[in-house]
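Asker: This is the structure I want to talk about, given as structure tokens.
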Amino acid sequence: MFPLQRKPRTTGWITSVVTILDFGSQYTQLIARRLRELKVYSEIVRFDIPLQKLVEMKPEAIILSGGPNSVYEVGAPQRNIRELSELAPLLGLCYGMQLISQSYGGTVKKKTEGGEYGLTQIIWDQAISNVPFEQSVWMSHGDSVDEVPKNFRVVARSQKGIPAAIQSDRIWAFQFHPEVTHTEHGEDLLRAFLFDFCKIKPTWDPRNIIDHISTNILTQIPDNEDVICALSGGVDSTVVGVLLTKILGAKRVNCVFVDNGLLRKNEFEDVMSSYTTLGLNVVGLREEKRFLNQLKGVSDPEQKRKIIGHAFIEVFDEHIHHLDHVKWLAQGTLYPDVIESLSPRGPSVTIKTHHNVGGLPEKLKLKLVEPLRELFKDEVRQIGKALEIPVEMLMRHPFPGPGLGIRLVGEVTKQDLDILREADAIYVEELKANGLYNQIWQAGAVLLPVRTVGVQGDSRSYEKTVALRAVVSKDAMTADWFPFRPEFLKKVSSRITNEVRKINRVVYDITSKPPGTIEWE
Ligand code: XMP
């Protein structure tokens with residue numbers, strides 16, 4: 001393990017920053033992801049961020065995203081492009097290209113020819129890196145650049161003759177979306193812009209990421225203030241706990257893991273033992289009774305989530321009174337959550353009340369420290385690996401804060417939780433034994449309040465049903481059900497109905513998201 005720096009650097013944190021101005025495109029996050037994959041640190045900001053703030057970010061390149069508007073529309077997002085180009089080289093994508101053209105005196109044509117949507121052939125008239133002269137790109141535009149501004153050259157056109165790429169000494173612009181994987185050589189084009197045109201160095205690797213976070217944390221948290229970190233057993237909170245412990249020392253990072261009675265079979269013991277091995281200063285709080293008492297008689301999913309969330313706050317509130325120097329609450333917020341709240345499109349509607357720790361900082365009068373707020377999930381896993389967190393912990397499926405409480409449809413009882421735990425453990429054991437666990441984003445069993453007739457042994461049974469859920473996904477925003485082989489389902493079903501006395505029927509959930517959600521409640 002490499003040593004973490006103990007003091008913040010005073011001179012220059014020297015990773016390159018590329019700033020992405022979000023004009024409302026559905027692909028803005030993808031741009032940031034692609035750049036991070038190329039080891040370039042990128043940040044998304046609203047299109048109307050004040051210039052001074054942008055100057056302070058010291059971007060080495062600025063990317064203007066696409067957007068749903070037409071540059072001529074009243075209220076369409078506008079920006080002084082010349083000002084931006086004095087700050088750094090620019091890359092405009094789709095709407096970004098139209099805005100650039102308009103600003104430099106070119107013209108943009110309204111939807112007269114129906115635009116270009118989906119895969120489209122374009123032809124380059126000059127060689128860019130190893131990109132072939134003719135290629136497919138992903139287009140999604142109604143308006144298009146008509147007259148190209150002075151000092152710009154058209155370097156690629158689509159088959160309709162529409163400018164697909166233009167360049168000047170300091171600006172590149174594409175009418176298509178290099179960030180979308182359907183675009184052939186999209187990555188090469190981004191590379192050419194970043195590394196050849198802007199001379200940016202790809203320095204954003206796990207070692208540098210940790211260094212960067214470490215600098216920020218040491219600047220943010222004074223020496224005489226400590227942190228409390230709520231662990232859930234999941235990847236994000238584990239990485240937060242380990243990272244802060246390495247930066248601030250175990251004495252200053254008080255970790256808490258709550259057994260709310262809604263965990264999986266043996267989860268509390270297993271996770272506590274991993275945490276101890278990782279050197280965390282962790283206290284395990286056995287609070288099953290409190291949670292189950294408060295959940296008694298409640299069947300409504302939102303109500304259950306709220307009760308569980310409040311009970312967490314109660315537990316924390318009581319615990320924190322024993323800890324004098326704690327002034328900070330650590331949270332595993334990731335970049336997609338941050339972007340969501342910044343987007344000009346606004347945060348998406350609440351379908352379920354997530355993030356149980358949401359109300360914690362205000363109630364407990366703590367300041368919030370979010371070491372992962374600049375990272376995507378795959379970056380969190382990478383730094384987890386660099387921090388030597390065991391692979392099994394890093395590859396764990398996401399598990400919701402309210403735990404089995406929302407995988408048990410209807411009222412939550414200890415007896416049903418125990419039944420569900422057994423069925424779920426068999427399912428997960430078989431996934432691992434058959435090499436399927438790591439191919440799946442998330443899997444678990446759900447206990448249904450439906451009793452059906454069956455024959456178990458020689459006698460009639462009238463018992464409960466378990467539904468199996470398994471999905472593949474990139475970010476949990478959308479998901480597809482996993483296509484198991486029938487033999488696998490047969491084996492799991494047979495083991496559950498034989499080994500769990502109170503279950504006589506097993507079904508497999510074949511609903512994607514949307515229209516379903518991943519969890520049943
Ligand atoms: P849904 O069910 O909305 O879930 O498709 C998307 C992802 O979020 C997880 N999830 C939660 N995580 N607290 C959490 O920390 C919650 O209340 C919660 N509800 C759902 C879910 O497991 C999936 O990964």
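Asker: On the given criteria, is VAL500 away from the ligand (no atom under 16 Å from the Cβ), at pLDDT 95 or above and over 35 Å from the mean Cα position of the chain (by Cα)?
Answerer: Answer is yes for this residue.
Asker: If only one of GLU73, GLU37 is over 23 Å from the mean Cα position of the chain (by Cα), assigned by TED's automatic domain parsing to the domain that holds GLY142 and either charged (D, E, K, R) or modelled with pLDDT under 90 (or both), which one is it?
Answerer: GLU73
Asker: What's the total number of residues in the stretch 245-276 that are in contact (Cβ under 8 Å) with a residue 40 or more places away in the chain and either part of a helix (DSSP H, G or I) or open to solvent by less than 30 Å² (accessible area, probe 1.4 Å) (or both)?
Answerer: Adding up the residues that qualify gives 14.
Asker: Further question on the same structure: Please state which one of LEU448, LEU420, LEU489, LEU436 is open to solvent by 10 Å² or more (accessible area, probe 1.4 Å) and out of contact with any Phe, Trp or Tyr (no Cβ under 8 Å at 6 or more places or on another chain).
Answerer: LEU448
Asker: Can you tell me which residue is modelled with the highest pLDDT among those in the stretch 100-113 that are closer than 16 Å to GLY161 by Cα and open to solvent by 50 Å² or more (accessible area, probe 1.4 Å)?
Answerer: My answer is LYS109.
Asker: With respect to GLY410, determine if the residue is touching a residue at least 60 places away in the same chain (Cβ under 8 Å), within 14 Å of the ligand (Cβ to nearest atom), within 24 Å of ILE308 (Cα to Cα) and open to solvent by less than 40 Å² (accessible area, probe 1.4 Å).
Answerer: Spelling it out, it is not the case that GLY410 is touching a residue at least 60 places away in the same chain (Cβ under 8 Å), within 14 Å of the ligand (Cβ to nearest atom), within 24 Å of ILE308 (Cα to Cα) and open to solvent by less than 40 Å² (accessible area, probe 1.4 Å).
Asker: While we're on this one: When both residues are 6+ apart or on different chains and their Cβ atoms are under 8 Å apart, which pairs have a first residue that lies in the stretch 320-338 and is part of a loop (DSSP other than H, G, I, E, B), and a second that is among the acidic types (Asp, Glu)?
Answerer: Qualifying pairs under 8 Å: LEU323/ASP226; HIS325/GLU225; HIS325/ASP226; GLN331/GLU370; GLY332/ASP236; GLY332/GLU370; THR333/GLU370; LEU334/ASP236.
Asker: Output the number of the condition that TYR117 fails; it satisfies all remaining conditions of (1) exposed (fewer than 12 other Cβ atoms within 10 Å of the Cβ); (2) among the hydroxyl-bearing types (Ser, Thr, Tyr); (3) assigned to a helix (DSSP H, G or I).
Answerer: (3)
Asker: Against the condition touching a residue at least 12 places away in the same chain (Cβ under 8 Å), open to solvent by less than 10 Å² (accessible area, probe 1.4 Å) and either on the phi < 0 side of the Ramachandran plot or not assigned by TED's automatic domain parsing to the domain that holds THR465 (or both), how does GLY405 come out, does it pass?
Answerer: yes
Asker: Is it the case that some residue within the stretch 225-239 is in a helix (DSSP H, G or I) and polar (S, T, N, Q)?
Answerer: yes
Asker: If you go through the stretch 219-244 one residue at a time, how many are without any contact (Cβ under 8 Å) to a residue 60 or more places away in the chain and open to solvent by 20 Å² or more (accessible area, probe 1.4 Å)?
Answerer: 2
Asker: Please enumerate the residues belonging to the stretch 132-179 that are in contact (Cβ under 8 Å) with a residue 60 or more places away in the chain, within 16 Å of SER25 (Cα to Cα) and open to solvent by 10 Å² or more (accessible area, probe 1.4 Å).
Answerer: SER140, GLY142, ASP143
Asker: Check whether at least one residue in the stretch 454-470 is touching a Phe, Trp or Tyr at 6+ places or on another chain (Cβ under 6 Å), open to solvent by 80 Å² or more (accessible area, probe 1.4 Å) and not aromatic (Phe, Trp, Tyr), and report yes or no.
Answerer: no
Asker: In addition: Is there a residue being of a type in the set (Asp, Glu), away from the ligand (no atom under 16 Å from the Cβ) and either in contact with a Leu (Cβ under 7 Å, 6 or more places away or on another chain) or without any contact (Cβ under 8 Å) to a residue 40 or more places away in the chain (or both) anywhere in the stretch 381-402?
Answerer: Yes, that holds for at least one residue.
Asker: Of the residues GLY92, GLY66, which is in a strand (DSSP E or B) and either more than 26 Å from ASP48 (Cβ to Cβ) or not hydrophobic (A, V, I, L, M, F, W, C) (or both)?
Answerer: Every option except GLY92 fails the conditions.
Asker: Checking the condition modelled with pLDDT of 95 or more and touching a Pro at 6+ places or on another chain (Cβ under 9 Å), which residue from VAL450, VAL409 passes?
Answerer: Going through VAL450, VAL409 in turn, just one is modelled with pLDDT of 95 or more and touching a Pro at 6+ places or on another chain (Cβ under 9 Å): VAL409.
Asker: Out of GLY346, GLY358, I need the residue that is away from the ligand (no atom under 16 Å from the Cβ), modelled with pLDDT under 80 and either small (Gly, Ala, Ser) or not in a loop (DSSP other than H, G, I, E, B) (or both). Which one?
Answerer: Matching residue, one of GLY346, GLY358: GLY346.
Asker: Would you tally the residues in the stretch 280-319 being part of a helix (DSSP H, G or I) and open to solvent by 50 Å² or more (accessible area, probe 1.4 Å)?
Answerer: Number of matching residues: 11.
Asker: Follow-up. Restricting attention to the stretch 419-476, report how many residues are in a loop (DSSP other than H, G, I, E, B) and more than 16 Å from the ligand (Cβ to nearest atom).
Answerer: So the count comes out to 5.
Asker: Is there a residue in the stretch 505-513 that is loosely packed, with under 13 Cβ neighbours inside 10 Å and either within 16 Å of the ligand (Cβ to nearest atom) or in the same structural domain as LEU262 (by TED's automatic domain parsing) (or both)?
Answerer: There is at least one residue in the stretch 505-513 that is loosely packed, with under 13 Cβ neighbours inside 10 Å and either within 16 Å of the ligand (Cβ to nearest atom) or in the same structural domain as LEU262 (by TED's automatic domain parsing) (or both).
The values are calculated or read from the model by the stated rules, or taken from the named source; none is laboratory data. Note that this is a predicted model, so its numbers are computed, not measured. Because the Cβ atoms are built from the backbone with ideal geometry, glycine has one as well, and the counts that use them run over all protein chains shown. Protein only, heavy atoms only, side chains kept; ligands, DNA and RNA dropped before computing areas. Shrake-Rupley method; radii C 1.70, N 1.55, O 1.52, S 1.80 Å.
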